[in-house]
Amino acid sequence: MSGQAKATTSFREIAEELTFVGRRFYERGWVLGTSGNFSAVVSRQPLRLAITPSTAHKGKLAAAQILEIDARGRVVGGHGRPSAETQLHLEIVKRRGAGAVLHTHSVWSTILSGMHAGDRGLAIEGYEMLKGLDGLSTHAHREWVPIVENDQDMVRLSRSVRSALATHASAHAFIIARHGLYTWGATLADAERHIEILEFLFETIGRTGGSTSWRS
């Protein structure tokens, strides 16, 4: 019984944190309308994720809305339908060992992904904020953010994401073209930090005319 209570408490705490993330991101304009989706690992064995439901307003999320899914994306806790992009979350967790996955739909990531879709990625270098990405300690770094073509077929899109993750093993994120940013972290706090850093960089690049490098 004590183990069950601990697991329940853990899920509830994660669910609450996901709602806080939703409110913060909504206030920043990164998940307007019903856009965006978030997940966090509840357990590894068996794999269980807490994930936002489909079509939920992220600025008004309640912990009771958060669903628990298994490794195949099936709902095993809560009531409702998980995000339409559940398979992408599972792909990232399995391929990157992530503890949390966050997806935003900001204006700047949408604009830049359209501008650089033909290059299949966006290179960012020389910016101090890059040091906030996991494992980096210098601005003298070239971060490649792959851009994956959008697709309403989630099985096909999942395969494209899998390929991008395999090809760009050191990437901290990817963008779905004209859609939005996906990033992850060992913890929910790490993933949230990555969103903040990358959204800052996208906006800086956009506001300065699209220059992706800074050299002093």
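Bear in mind that the values in this text are calculations on the coordinates, not laboratory data. Here the structure is a predicted model, which means the values were calculated and not measured. Reconstructed Cβ throughout: ideal geometry from the backbone, glycine too, with neighbour counts over all protein chains shown.
Computed quantities for the displayed model
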quantity: Lys/Arg +1, Asp/Glu -1 at C-beta; the chain dipole; positive extreme among Leu201, Thr86, Asn150; calculated: Thr86
quantity: Net dipole in debye of the chain [+1 Lys, Arg Cβ; -1 Asp, Glu Cβ; about Cα centre; nearest 20]; calculated: 420 debye
quantity: For Gly77, residues with placed amide H under 5 Å, excluding near neighbours; calculated: Glu68
quantity: ³J(HN,Hα), Karplus 6.51/-1.76/1.60, whole Hz, each residue of region 143-149, x for Gly, Pro; calculated: 8, 9, 9, x, 10, 9, 5
quantity: Amide H contacts of Ala71 (H built 1.01 Å from N, under 5 Å, at least 5 apart or other chain); calculated: Leu47
quantity: Nearest 10 degrees, 0 to 90: helix 86-96 Cα axis against the chain principal axis; calculated: 70 degrees
quantity: Percentage relative contact order, region 2-207, counting C-alpha pairs under 8 Å, at least six apart; calculated: 19 percent
quantity: The chain: angle of helix 188-207 to the longest principal axis, Cα-based, in degrees nearest 10; calculated: 30 degrees
quantity: Value of relative contact order over region 8-93, rounded to a whole percent, pairs C-alpha under 8 Å and six or more apart; calculated: 26 percent
quantity: Crossing angle, helix 2-27 versus the chain [Cα axis fit, 0-90 degrees, rounded to tens]; calculated: 40 degrees
